[in-house]
1. If Lys and Arg each add +1 and Asp and Glu each add -1, what is the summed charge of the other residues whose beta carbon sits under 14 Å from the beta carbon of residue 77?
2. Of 219, 208, 40, which has the largest mean-square fluctuation in a 10 Å C-alpha GNM of the chain?
3. Relative to the first principal axis of the alpha-carbon coordinates of the chain, what is the inclination of helix 73-86, with its axis defined by its Cα atoms, in degrees from 0 to 90 and to the nearest 10?
4. Counting only protein heavy atoms and a 1.4 Å probe, tell me what percentage of the chain's accessible area is made up of carbon and sulfur.
5. Determine the dipole magnitude for the chain: charges of +1 sit on the beta-carbon of Lys and Arg, -1 on that of Asp and Glu, nothing else is charged, the reference point is the Cα centre, and the result goes in debye to the nearest 20.
6. Of the peptides 249-260, 127-138, how do they stack up when ordered by the mean number of other Cβ atoms within 10 Å, highest first?
7. Could you calculate the contour length gain from residue 175 to residue 59, that is, 0.36 nm times the residue separation minus the distance between their Cα atoms, to one decimal place in nm?
8. How far, in degrees from 0 to 90, does helix 250-259 lean away from the longest principal axis of the Cα atoms of the chain, to the nearest 10?
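The values are calculated or read from the model by the stated rules, or taken from the named source; none is laboratory data. Bear in mind that the values here come from a model prediction, so they are computed numbers and not experimental data. Cβ sites come from the backbone with ideal geometry, for glycine too, and all protein chains shown count toward neighbours. Note: areas computed on protein heavy atoms with side chains; ligands, DNA, RNA excluded. Shrake-Rupley method; radii C 1.70, N 1.55, O 1.52, S 1.80 Å.
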Amino acid sequence: MKLIADSGSTKVEWCLLEGGKVVKQIFTSGFNALMLTEEEISQYLEDELISQLGELTEKVNEVYFYGAGCIDEEVCRNVRRAIRHNIKADTIEAHSDLLGAARALFGDREGIACILGTGSNSCYYNGREIKDHVSPLGYVLGDEGSGAVLGRHLIGDVLKNQLPRELCDKFMDEYRLERSTIIRRVYKEPSANRFLASVTPFLLKNIEEPAIHRLVLNEFKSFFVRNVAQYDHYRNLPVSFVGSIAFHYQNVLHEAADALDATIDVIIKTPMEGLVKFHS
């Protein structure tokens, strides 16, 4: 059996394959491999994954893990060792979530693969491997178009009265957030990026409001300018997206692409379906 993992900061989706068919799907809490030690990842797997796999654990002989934070060989090695401590598979691979997105979106074709979820990322993929990559830099310095940055702009505009008064009042009434609570969640508590991304449903529900539409469109344009346009021949390559933000805001995303003369190929919510196909 093959076990595939799509690991993000919010959740991890696991699919167990037998003969190319999904026989079990498991969801566990998200984590960033860069932030955890090998021992912590191993304990996480024991607590959250193995308990759900049960006796099927012994039947897994291949594991393919794609995860947030898998930015270099050291992190990937920690993940592989943590997996091997819990699953005695013959083949264990750990790769970045970006390679997972590229394989899911393009298979063996070339193109520019993009992630727009809680964070954002992109790369040029030649059909086999990532050949060029613009660093996303995180939600403080980069992550254009991501849920965290969209949420940051929204909250900032509300608190500084940059949106129409009725929208500011509507936001504060809906989320019941005091200014002091927002400041604490952003500057003093962990996972500020998740907190910021958690308010993006407000943008989607009010996307027909000109001020909201403009906020989202400008941020997507920024993603194209500061990321996609950095790749050679981007106008002649298909650009594809994976992630909840890309999926739910795809109409506005297409507007941004048209404005920057880019061609969007496909937009999918999660990479798992593509990864199942790739590994089958």
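1. Summing Lys/Arg as +1 and Asp/Glu as -1 gives -3.
2. Ranking 219, 208, 40 by mean-square fluctuation puts 208 first.
3. 60 degrees
4. About 47 percent, which is the carbon plus sulfur part of the accessible surface.
5. 340 debye
6. 249-260, 127-138
7. Extending this stretch completely gives an extra 37.2 nm.
8. Its long axis makes an angle of about 70 degrees.
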